[in-house]
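**Q** Input: one structure, supplied below.
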C-alpha cells in the first residue's frame, strides 16, 4: 500500500461499501456516514506507514474506521446533534416490492436502526460487525482487541438489549396491523 495510487484505489473500491455500512450503523445518518467514509480513507492513506505488514489489513482498517466513528459519536454527543432521520440505502434494492411491502420493510428497518442507536457504543459495534458485516467472533475480537469469549458475551448482551428495546414496538406494530378479533 506504500505509494501506489492504483493499489490504493483498488483498496478503496473493495472496502468503501463495508466501511460506509459500518459508519451508517454507528452514527445513524447516511449523509454523515458518507463523509466519515471519505475521512477514514484519507486517514488510512496518511497512516499507511503505521500498518504492520505482519498484521491482517482488514483488522487494521476496521479498527481505524471504528475509532473514527467513536470520535464522531463523542463529538455529536458534545454538540447533541444526533440524527436518525436519514435512510441508509439498502443493498438489496434489486428486488421489486409492492409499495406497501417496501413501506413495511422500511418501517421495520427504521425501528431496528433506532434500536441500535439506543445501545451503548460497544454493543452496537459488536452487533454491527457480527450481523451487518458478517464477521466471525474471532475477527471481531482481533479488531476490538478483546478475547473471543468477551465478544460472544457482548453479542449476547447486545441481542438481549435490542430485543428488549424492539419487542414492545414490534408487538404494537403487529397489533395495529393484525387486531385481535373478539368472538
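**Q** Using alpha-carbon pairs under 8 Å, 6+ residues apart, how would you state the relative contact order of the stretch 1-86 in percent?
**A** Relative contact order for the stretch 1-86 comes out at 36 percent.
**Q** Let me ask something else. Please work out the FRET efficiency for the pair residue 138 and residue 52, using the Cβ-Cβ distance as r and a Förster radius of 22 Å; give the result to the nearest 0.05.
**A** Result of the calculation: an efficiency of 0.70.
**Q** Another question about this same structure. Would you kindly state how much longer the chain becomes between residue 13 and residue 108 on full extension, computed as 0.36 nm times their sequence separation minus their alpha carbon distance, in nm to one decimal?
**A** The residue 13-residue 108 span can extend by a further 31.2 nm.
**Q** Between residue 100 and residue 45, what FRET efficiency comes out of the Förster formula 1/(1 + (r/R0)^6) with R0 = 35 Å and r the beta carbon distance, rounded to 0.05?
**A** With a Förster radius of 35 Å, E is 0.20.
**Q** Right, next: Test of understanding: ordering 40, 165 by Cβ neighbours within 10 Å, fewest first, what list do you get?
**A** 165, 40
Throughout, read-outs are computed from the coordinates displayed, never taken from laboratory work. Predicted model only: the values in this text are computed from it and were never measured. In this analysis, Cβ positions are derived from the backbone assuming ideal geometry, glycine residues included, and neighbour counts consider all displayed protein chains.
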